[in-house]
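The values are calculated or read from the model by the stated rules, or taken from the named source; none is laboratory data. Being a predicted model, the structure only gives us computed values, none of them experimental. Here the Cβ is made from the backbone with ideal geometry for all residues, glycine too, and neighbour counts use every protein chain on show. Just the protein is used for accessible areas: all its heavy atoms, side chains included, with ligands, DNA and RNA removed. Shrake-Rupley method; radii C 1.70, N 1.55, O 1.52, S 1.80 Å.
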Amino acid sequence: MSKFAVAGATGRLGRHVVDVLTERAHEVVPMSRATGVDIITGEGLAEALTGVDVIIDVASWHASDQEAATEFFRTSARNLHEEGRRAGATLIAAASIIGVDNATTGFLAAKKEHEKFLASGPIPVRLLRAAQFHEFVLQLLDWRRDDVAYVPALPTQLVACRAVAEELADLAAAPAAPGTPIPEIAGPRREIMAEAARLAGAARGIEVVGIDGADVPDGEIAANGGFLPGPHAKLAGPTFREWLETPPGLLP
């Protein structure tokens, strides 16, 4: 079995990646500030990457500011490449976002740059572009004004983090790189973000109001389907409603 290091191991996606790799009997090195590894300052990074074959990068910036996010991704990509090369790592597999090449502003534009930063380094890179996570809808409910969550009524194809983690683990362990286009994974059905938020809000007693998304970065592109999966995308369940109705103790 290969030895994997997971950057962003305690995050929304990272914890699922660690679980999937562990279940598959791989040796896993979780990397996050909580485990004493900082991919920005480099603290603990060289030690964590000792003997690692594959780096999986699912670390992310915590806010939507484009400039700050771009700097985070520039620095993390450089450090993972530099220390990974010294450690003898042969591959970096990273999660990105469906439609990111259409982005012009905000966090998605920073992720587009992240792909470029990763591709320009010395270690071969494999990307997996994913739709927005089911869990992201719950995050939107936390952004309330006067106890009301205002959520853009924009199309999406929400996917479970666990499904993305499984596909990313497959990609990272595959003997050969995928061809083009870059592989994508999305949920089994198209949703409207505001409608999904209403489902989640109803279970939590939170009022949700749909808005047109004009103030959302690249909202017009999103409204026209620019961040929806292409025809080559893998579609994986559960649906958002199924995921929402699954008791928390039974969620993977």
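Before moving on, here are some points about what is shown:
- The residues of segment 39-64 that are free of Cβ contacts under 8 Å to residues at least 24 places away in the same chain and surrounded by 14 or more Cβ atoms within 10 Å (Cβ to Cβ) amount to a single one, Gly44.
- Qualifying helices (runs of 4 or more DSSP H) (wholly inside segment 153-252; at least 2 residues being within 27 Å of Val6 (Cα to Cα)): 161-173, 240-245
- Scanning segment 207-222 for residues that are open to solvent by 30 Å² or more (accessible area, probe 1.4 Å) and of a type in the set (Val, Ile, Thr) returns Val209, Ile211, Val216, Ile221.
- Taking the criterion of being in contact (Cβ under 8 Å) with a residue 12 or more places away in the chain, assigned to a helix (DSSP H, G or I) and farther than 21 Å from Pro188 by Cβ, the only residue of segment 122-152 that qualifies is Leu141.
- Filter pass, Ala110 being modelled with pLDDT of 95 or more and either surrounded by fewer than 20 Cβ atoms within 10 Å (Cβ to Cβ) or farther than 30 Å from Val208 by Cα (or both): no
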